[in-house]
1. Could you say which residue among VAL86, VAL8 is open to solvent by 30 Å² or more (accessible area, probe 1.4 Å) and touching a residue at least 24 places away in the same chain (Cβ under 8 Å)?
2. State the number of residues belonging to the stretch 95-119 that are touching a helix residue (DSSP H, G or I) at 6+ places or on another chain (Cβ under 6 Å) and not hydrophobic (A, V, I, L, M, F, W, C).
3. Those residues that are open to solvent by 30 Å² or more (accessible area, probe 1.4 Å), closer than 18 Å to ILE110 by Cα and in contact (Cβ under 8 Å) with a residue 12 or more places away in the chain, I need them from the stretch 124-138; list them, please.
4. State yes or no: is ILE56 in a loop (DSSP other than H, G, I, E, B), open to solvent by less than 50 Å² (accessible area, probe 1.4 Å) and closer than 21 Å to HIS97 by Cβ?
5. Please go through the stretch 42-53 and pick out each residue that is open to solvent by 30 Å² or more (accessible area, probe 1.4 Å) and within 13 Å of the ligand (Cβ to nearest atom).
6. Hey, could you check the stretch 18-41 for residues that are assigned to a helix (DSSP H, G or I) and either within 10 Å of the ligand (Cβ to nearest atom) or aromatic (Phe, Trp, Tyr) (or both) and say which is farthest from LEU93 (Cα to Cα)?
7. Suppose the filter is surrounded by fewer than 19 Cβ atoms within 10 Å (Cβ to Cβ), modelled with pLDDT of 95 or more, assigned to a helix (DSSP H, G or I) and near the ligand (Cβ under 9 Å from one of its atoms); does ALA14 pass it?
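The values are calculated or read from the model by the stated rules, or taken from the named source; none is laboratory data. This structure is a prediction, so every number in the text was calculated from the model and none was measured. Here Cβ is always computed from backbone atoms with ideal geometry, including for glycine, and neighbour counts include all displayed protein chains. Just so you know, the surface numbers come from the protein's heavy atoms only, side chains and all, with ligands and any DNA or RNA stripped out. Shrake-Rupley method; radii C 1.70, N 1.55, O 1.52, S 1.80 Å.
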Amino acid sequence: MSAAVAIVDRDEAAARSTAQLVEEGGARALAIRADVSRAQDTIAFVEATEARLGPIGIFANNAGIEGVVAPLHEYPDETFDRLLQVNVRGVFLGLKHVIARMMQRGTGAIINTASTSAIRGRAGLAGYVASKHAVLGLTRTAALDVAGTRIRVNAVLPGPVESRMIRELEGQAHDSAIALRRNVATAHGRPQDVANVVAFLASDEAAHVNGAAWVVDGGMTLA
Ligand SMILES: NC(=O)c1ccc[n+]([C@@H]2O[C@H](COP(=O)([O-])OP(=O)(O)OC[C@H]3O[C@@H](n4cnc5c(N)ncnc54)[C@H](O)[C@@H]3O)[C@@H](O)[C@H]2O)c1
């Protein structure tokens, strides 16, 4: 049986083009526009997914923003607030409304995208680092809240991965003379490197993995 995948993004064109890639890979796909920081959008995407594709068995809670690079004493309040709205409240709302559905069936796998910024400080990234520490805390708490069911909640913690986000952060770090590079000394990962771990955590092979923080960084955080 092939998967049916709902792609949720604030950017509808991005959701559509990802859905097209999924369909080219042979699976059913549905693109949904939603701002994950808004409760009504989250409720709507959960309802639309279940109505169109059936019960949600796997939830990759992945949307996130990076904010700006600035030393903490100059970090803009509004950027900090927006990071908490999207990266923390967004992850919380997704967990809340998807777990409520999974509880009705007693089974499911959720993978939150945190970051190695969940377990390390990063110069110039106060809002991002605070938000990703919070994602790990939410993961561990949700895992305990579903204990005793066959629902599992884990986090993946990527190091730098080749994407729009890392190019933006490194560009800003360069402009503001904050040495983000010293945080990213190893080669960047590929999106597929993270996806492979997410696929494992979603699978029955990970049946005994719950509340875990899976670092995917080629060993960067060991140094
Ligand atoms: N790229 C990296 O180096 C890296 C490293 C560690 C963790 N991460 C995390 O991986 C996740 C994906 O990041 P990416 O690298 O693919 O970045 P990206 O900017 O390429 O993709 C993020 C996606 O999230 C969407 N999004 C942003 N705010 C949203 C909102 N409020 N509602 C719905 N969708 C929203 C964007 O439209 C975009 O499509 C993020 O949580 C990020 O923090 C990335």
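1. Sole residue among the options that is open to solvent by 30 Å² or more (accessible area, probe 1.4 Å) and touching a residue at least 24 places away in the same chain (Cβ under 8 Å): VAL8.
2. Residues that pass the stated criteria total 6.
3. Within the stretch 124-138, HIS133, ALA134, LEU138 qualify.
4. Answer is yes for this residue.
5. Once the filter is applied, which keeps residues that are open to solvent by 30 Å² or more (accessible area, probe 1.4 Å) and within 13 Å of the ligand (Cβ to nearest atom), the stretch 42-53 yields only ALA44.
6. Taking the candidates together, the pick is THR18.
7. Yes, satisfied.
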